Amino acid sequence: MRRLSPANITWLKVIIYLCAILPFLWIILSINQGWFSADPAKDIQHFTGRMTLKFLLVTLLVTPVARYGKQPLLIRTRRLLGLWCFAWGTLHLLSYSFLELGINNIRLLGSELISRPYLTLGIICWVLLLALACTSTLWAQRKMGAKWQKLHNFIYLIAVLAPIHYLWSVKVLSPQPVIYALLAVILLAFRYKKFRQWLR
């Protein structure tokens, strides 16, 4: 297989931007056109949550594809994917805070996050994504040194907690959250050597 060139990576980043922005535009159009169900707030929450998971899984997919496909330049897309994962995760949090609780009841958010375990897992994931997004620059990487990699290894914890958050949040178990969980397990399995080394 021919290796990707810097120009190919540039076009790939353009595709990533489109894949991230177009679904948001679809949400706006769906609201205007009334395409959502009788409970649009829930629809938006679930949609933004699934988009967060999709970008999380694709971010985790980059490294094994780059390694086994011998495409080292593919790593350059990982930061962008991670930032969009955080962006959609933030939209997911905001959709719950404002659409579910309401602007006037935003004070309930703290108690909700504590009283509902699946929400606790969700906010833990978001806080970790926030930390990864804030330290995603080359400047932060140079400044933090070895601590940078230790911090960004928390992506694996997010990959465990986020699917559990999804599974726990649905009232009726359906194949979709199970599929996301299985994909996360498969992508984590590619790192078994790293995890085994940590255990040692």
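Residues that are open to solvent by 50 Å² or more (accessible area, probe 1.4 Å), within 16 Å of Gln45 (Cα to Cα), at pLDDT below 95 and β-branched (Val, Ile, Thr) do occur in the stretch 88-104.
Only a single item in (1) within 21 Å of the chain's Cα centre (by Cα); (2) modelled with pLDDT under 95 is not met by Ser115, and it is number (1). Kindly provide the set of residues from the stretch 171-200 that are of a type outside the set (D, E, K, R), surrounded by 14 or more Cβ atoms within 10 Å (Cβ to Cβ) and not in a helix (DSSP H, G or I), ordered by number. Within the stretch 171-200, Phe190 is the sole residue that qualifies.
Only one of Ile164, Ile114 is part of a helix (DSSP H, G or I), surrounded by fewer than 12 Cβ atoms within 10 Å (Cβ to Cβ) and of a type in the set (Val, Ile, Thr). Can you tell me which? When all the criteria are applied, what remains is Ile114.
Condition test on Thr120, is it at pLDDT 90 or above, surrounded by fewer than 17 Cβ atoms within 10 Å (Cβ to Cβ), of a type outside the set (Phe, Trp, Tyr) and assigned to a helix (DSSP H, G or I)? When the stated conditions are applied, Thr120 passes them.
Going by the conditions given, is Pro23 modelled with pLDDT under 95 and not polar (S, T, N, Q)? It is false that Pro23 is modelled with pLDDT under 95 and not polar (S, T, N, Q).
The listed residues are Leu25, Leu29, Leu53, Leu4, and the only one of them that is assigned to a helix (DSSP H, G or I) and either in contact with a Leu (Cβ under 8 Å, 6 or more places away or on another chain) or open to solvent by less than 60 Å² (accessible area, probe 1.4 Å) (or both) turns out to be Leu53.
Only a single item in (1) touching a residue at least 40 places away in the same chain (Cβ under 8 Å); (2) closer than 20 Å to Ala184 by Cα; (3) surrounded by fewer than 19 Cβ atoms within 10 Å (Cβ to Cβ) is not met by Arg67, and it is number (1). Restricting attention to the stretch 68-111, the residues that are within 30 Å of Asn8 (Cα to Cα) and part of a helix (DSSP H, G or I) add up to 21. Going by what's in this entry, would Val14 be described as under 18 Å from Ala184 (Cβ atoms) and either free of Cβ contacts under 8 Å to residues at least 40 places away in the same chain or open to solvent by 20 Å² or more (accessible area, probe 1.4 Å) (or both)? Criteria not met by Val14. Just one of the listed residues (Ser136, Ser174) is out of contact with any Cys (no Cβ under 7 Å at 6 or more places or on another chain) and either in contact (Cβ under 8 Å) with a residue 12 or more places away in the chain or among the β-branched types (Val, Ile, Thr) (or both), and it is Ser136.
The values are calculated or read from the model by the stated rules, or taken from the named source; none is laboratory data. The structure displayed is predicted, hence computed values, not measured ones. A quick note on method: Cβ atoms are made from the backbone with ideal geometry, for glycine too, and the neighbour counts reach across all protein chains shown. In case anyone asks, the SASA skips ligands and DNA or RNA and just uses the protein heavy atoms, side chains included. Shrake-Rupley method; radii C 1.70, N 1.55, O 1.52, S 1.80 Å.
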